[in-house]
1. When the residues of the range 56-87 are narrowed to those that are touching a strand residue (DSSP E or B) at 6+ places or on another chain (Cβ under 6 Å) and among the hydrophobic types (A, V, I, L, M, F, W, C), which ends up surrounded by the fewest Cβ atoms within 10 Å (Cβ to Cβ)?
2. Does THR311 satisfy the condition of being of a type in the set (Ser, Thr, Tyr), modelled with pLDDT of 95 or more and either under 24 Å from LYS205 (Cβ atoms) or not in a loop (DSSP other than H, G, I, E, B) (or both)?
3. When you scan the range 173-231 for helices (runs of 4 or more DSSP H) that lie fully inside it, which ones turn up with 2 or more residues that are surrounded by 17 or more Cβ atoms within 10 Å (Cβ to Cβ) and out of contact with any strand residue (DSSP E or B) (no Cβ under 8 Å at 6 or more places or on another chain)?
4. Please name all residue pairs, on different chains or six or more residues apart, with Cβ atoms under 7 Å, provided the first residue is in the range 174-185 and is under 21 Å from LYS205 (Cα atoms) and the second residue is in a loop (DSSP other than H, G, I, E, B) and not acidic (Asp, Glu).
5. Looking at the range 288-302, is at least one residue touching a residue at least 24 places away in the same chain (Cβ under 8 Å), out of contact with any Leu (no Cβ under 6 Å at 6 or more places or on another chain) and more than 21 Å from VAL177 (Cβ to Cβ)?
6. So, in the range 37-55, of the ones that are out of contact with any strand residue (DSSP E or B) (no Cβ under 7 Å at 6 or more places or on another chain) and within 15 Å of HIS160 (Cβ to Cβ), which residue ends up surrounded by the fewest Cβ atoms within 10 Å (Cβ to Cβ)?
7. Identify, from the list ALA238, ALA252, ALA256, ALA293, the residue that is in contact with a Lys or Arg (Cβ under 6 Å, 6 or more places away or on another chain) and either more than 30 Å from GLU207 (Cβ to Cβ) or at pLDDT below 90 (or both).
8. Out of everything in the range 116-146 that is aliphatic (A, V, I, L, M) and touching a Leu at 6+ places or on another chain (Cβ under 8 Å), what residue ends up being farthest from SER11 (Cα to Cα)?
Amino acid sequence: MIRQLDSQMESNGEGFPYGDFAEEDIRAMFQTAYIVPRDTGRRPREICELRDDCLEFDDGEYSLLWDNRKSRRLRRRLPITAQTVEAIKRWRKRRTGLDLPAGSEGFLFPPRTAASGIPHLDTRMLYRALRAWVEAFPTVDSEEVDEDGRQLPFDRTLIHPYAFRHSYVQRHADAGVPVDVLRELMDHAKIDMTMGYYKVSLKRKREAVQTLRLHVVDRTGRSAPMPTNTAYEARSVAVPFGGCQEPSNVKAGGKACPIRFQCAGCGFYRPDPSYLPALEDHIRSLKTDKETAEAMDVDDFVVRNLNDQITAFREVVTSMREGLQKLPPDERQRVEEASTVLRKVRAVDGRTVLPLSVVTRTEAAR
């Protein structure tokens, strides 16, 4: 659904009346007011109340400063992507040239007029603008098809600002982000609220294993399928970047690797496509470690070891990517869905290294 919304981005705000604002400014504002909840999962009120100084840059990373009014926790910090930062910066730059309603100067999204009663965008107006935008789409397709294989229309009433909070948390849960990390990202008071997004039935897990056991590779990227589901689960254990068949490590639940998790050089290493996000993130981390090592003027063997790991992991990733591309579309879709299921399972078990981390800093008054 978000892909369909993104494809119609330029029409967001088109023809929507908003005080004395020019149409191009209205479009720019509501496009930003769509991007921010889409990318951050904050509640509609939290989006509308964002301050003009909502971006914080510290230690090479940007965070979004926001207020959790529901739980009365203020000045929260959320790591955000460079694309989200650029969207906010573009709107903020445009906003400085506007004749803003009195009293709205400190807020990112201004109200229609000074008589609106609040100094920022009203949540009701955010809902109306999104509804007007979506209702103007010629078609909105669901993932369901009729008996003739044609896509059925999606219920447009299900597209509203709060839905982006659900899509944000589900997107991260599907990627296998550990539950404790996602709880912090969502600022949930209780982990039980976050756990609801990780529910995977035993039947779905077995089906996922059945699919992915056929796509296991070895440390060189060569196909090494598991003969049965039992072999996949009983003779291997999940480690940060794939499965491991080393007997002592399997017995210890993946916590006793004899060579300190240097998986790229181990004959017992058995990754599958569900580990691709973690592998790609690990390659990026290894590159960073290599740059740091070179700046420290370390011995050549340290840099050589990092280079060898980068090369080995790249070969595994490339091999799996090429293998997936060769699959028929329906089989590739099954592999992707199965990968989502197993990443969720591992995320709850707390065994997975993922391409996302929370930067913990001293927080302001709660």
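The values are calculated or read from the model by the stated rules, or taken from the named source; none is laboratory data. Nothing here was measured: the structure is a model prediction, and the numbers come from that model. FYI the Cβ positions are ideal-geometry reconstructions off the backbone, even for glycines, and counts take in every protein chain you see.
1. So, considering only residues that are touching a strand residue (DSSP E or B) at 6+ places or on another chain (Cβ under 6 Å) and among the hydrophobic types (A, V, I, L, M, F, W, C), the one surrounded by the fewest Cβ atoms within 10 Å (Cβ to Cβ) is LEU74.
2. Numbers: of a type in the set (Ser, Thr, Tyr): yes; modelled with pLDDT of 95 or more: yes; either under 24 Å from LYS205 (Cβ atoms) or not in a loop (DSSP other than H, G, I, E, B) (or both): yes.
Criteria met by THR311.
3. Output list reads 179-186, 202-212.
4. From residues that are under 21 Å from LYS205 (Cα atoms), the pairs are ALA175/LEU354; GLY176/THR352; GLY176/LEU354; VAL177/LEU354; VAL177/LEU356; PRO178/GLY350; PRO178/THR352; PRO178/LEU354.
5. no
6. So the residue we want is ARG45.
7. One residue alone meets the criteria, ALA238.
8. Out of the qualifying residues, it is VAL145.
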